[in-house]
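First the structure, then my questions, so here it is.
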Amino acid sequence: MSDIEKLTKLVLAPYIIKATALIGVQRKIGGNQFRHAFSTLGILLDYKLFADSVLLKASVIHDLIEDVPTTDIASLRCIDQEAWKVVDLVLEVTRDPGEEKSTFLKRILDYGTRNAKILKTADRISNLTDLHLGFFSDQKMCQYLDETEQFVLPMALEVNMDMVIELLDLIAKRRILITKN
């Protein structure tokens, strides 16, 4: 079966229903986490990662456990025959309560699966796309870009060179915005 044929058979609706809990979770830049989940899915599709249904399903709920702490993980694991793998991937890219951001990113970089690194890279591409002046201080933006270079860029180097190119472009453009500010 071709990757496109696999995509036509992908059932996302049960994951989308669970992800609707993110509609009420606001982002600092406006919008909500539900839209961000779909942006992350869109990035994976844009990179033609059609064949990995676990990765695509996980992208839709990748922030759910972290952003909606009342999420029932047991009910997520019952969604379909791949749900255990999907939830395991989501947990892999979920920051533990109290865990420092750098520790979390280093954990994924050093010990994460290939899919965790792909998902975290797509997530960061979405976040960088939304990183605008006026919402964040220059210092916060520089810190975020430095963190991306230190942790996420090496992840991308391991999994997808096209994502590396996009990350480098986004980082460069955001740094130009900061210097013009």
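Bear in mind that the values in this text are calculations on the coordinates, not laboratory data. Quick caveat, the model's predicted, so the values are computed rather than measured. Note: ideal-geometry Cβ built from the backbone for every residue, glycine included; neighbour counts use all protein chains shown.
Restricting to Cα pairs below 8 Å that are 6+ residues apart, what does the relative contact order work out to for region 3-180? Please round to a whole percent.
Values: 185 pairs, mean separation 35.1, N = 178.
Answer for region 3-180 is 20 percent.
On the principal axes of its Cα set, how long, how wide and how thick is region 1-93? Give whole Å, largest value first.
Taking max minus min along each principal axis of the Cα atoms, region 1-93 gives 40, 30, 22 Å.
Each residue of region 80-95 in turn: what ³J(HN,Hα) in whole Hz from Karplus with 6.51, -1.76, 1.60 and θ = phi - 60°, glycine and Pro shown as x?
Couplings: 7, 5, 9, 4, 4, 5, 4, 5, 4, 5, 4, 4, 5, 9, 9, 6 Hz.
Suppose we look only past 19 Å in the calculated P(r) of the chain. What percent of the Cα-Cα pairs does that tail hold? Provide the component values of the computation, followed by the final result.
Details: 9538 of 16290 pairs.
Everything past 19 Å amounts to 59 percent.
What is the set of long-range amide H partners of ASN32 at a cut-off below 5 Å, with H atoms built 1.01 Å from backbone N?
When sequence neighbours closer than 5 places are left aside, the close amide H contacts are ARG27.
Continuing with the same structure: Tilt of helix 33-46 relative to the longest C-alpha principal axis of the chain, in degrees (0 to 90, nearest 10)?
Taking the Cα atoms of the chain, the angle to 33-46 is about 90 degrees.
Roughly what angle does helix 114-129 make with the longest principal axis of the chain, taking Cα atoms, 0 to 90 degrees, to the nearest 10?
The angle comes out at about 50 degrees.
If you put +1 on each Lys and Arg Cβ and -1 on each Asp and Glu Cβ, how big is the dipole of the chain around its Cα centre, in Debye rounded to 20?
On the way: 23 positive and 26 negative charges, 70 e Å.
In total the dipole reaches around 340 debye.
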